[in-house]
Amino acid sequence: MRVGVLAVQGDYSKHVDILKRLGQIPYLVRTEAELNQCDGLIIPGGESTTLTIVMHKHGLWEPLRHFGERRPIFGTCAGLIILSSRTPNHPFDPLGLIDLTVERNAYGRQKDSFIDEVTVSWEGHNHSIPGFFIRAPKIIEIGKSVSVLGRHRSDIVLVENERILAATFHPELTDDPSVHEYFLRKV
Ligand code: GLN
């Protein structure tokens, strides 16, 4: 099994570190040929406008959409924005791979970033993990095909559909690898 990490912008090295801890040999993806070598892909946090422009420049936008129609993708923060279906305050259309409406920078400015407990639940287990919310988006609406896996207070912060897993926070910044473990099981 080969899990790629999109390595054109953002905190991809943090995902690489956590995948190594989980015994994977992470594979950096910067081209369509590299993407097509992967069984699953992680889109890191970063800046969604920049990430979108760079993905278009690298000829990765349409290949990524096709990849996401066949294989699992995990997106964190800016990665979630790019995977979503509707982003009213983003200058580009997102990939539309998970039925979410997302508001960017919904908690305010960089200085309003915070760490707080997130409750996640899957396969009949609940547990808490630290949630790093860095100029994070909010999920405003979810479609019927989307399941909620994690909440921060009343906000939905971790979701999935058949192939896509997406978090508004950064599980790659914690010592708890459980969200990445879950993604590996999905792959
Ligand atoms: N605010 C960023 C954006 O809108 C996302 C921040 C992040 O990925 N931590 O793209």
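Computed from the coordinates by the stated procedures, all read-outs in this text should not be read as laboratory data. The structure displayed is predicted, hence computed values, not measured ones. Heads up, the Cβs are rebuilt from the backbone with ideal geometry, glycines too, and the neighbour counts pull from every protein chain shown.
For the reader, a short list of remarks on this structure follows.
- Available extension along the chain between Thr101 and Asp17 is 27.2 nm, counting 0.36 nm per residue and deducting the alpha carbon span.
- Summed side-chain charge close to Arg153 - residues other than Arg153 whose Cβ falls under 12 Å, Lys, Arg +1, Asp, Glu -1: -1
- Close amide H contacts of Gly40 (hydrogens built in the peptide plane, cut-off under 5 Å, sequence separation of 5 or more or a different chain): Arg2, Gly4.
- Tail weight of P(r) past 12 Å, computed on alpha-carbon pairs of region 121-173, percent: 67
- Structural descriptor for the chain: relative contact order 19 percent, calculated from alpha carbon pairs under 8 angstrom and at least 6 residues apart.
- Under Karplus coefficients 6.51, -1.76 and 1.60, residue-wise ³J(HN,Hα) of region 69-86 in Hz, glycine/proline x: 7, 10, 10, x, 10, 10, x, 10, 6, 4, x, 5, 4, 5, 7, 6, 10, 9
- Overall Cα dimensions of region 86-142, principal axis frame, Å, largest first: 37, 30, 15
- Each part gets one Cα centre, and for region 142-187 versus region 1-65 those centres are 17 Å apart.
- The overall shape of region 1-72 is oblate: from the C-alpha gyration tensor, with semi-axes ordered a ≥ b ≥ c, the ratio a/c is 1.5 or greater and a/b is no larger than b/c.
- Compactness of the chain - radius of gyration and Dmax, Cα, Å: 14.8, 42
- Sequence ranges 160-168, 47-55, ranked by mean other-Cβ count within 10 angstrom, highest first: 160-168, 47-55
- Phi-derived couplings, Karplus 6.51 cos²θ - 1.76 cosθ + 1.60 at θ = phi - 60°, listed residue by residue for region 45-62: x, x, 10, 5, 5, 4, 4, 5, 4, 5, 4, 5, 4, 7, x, 9, 5, 5 Hz, with x used for Gly and Pro.
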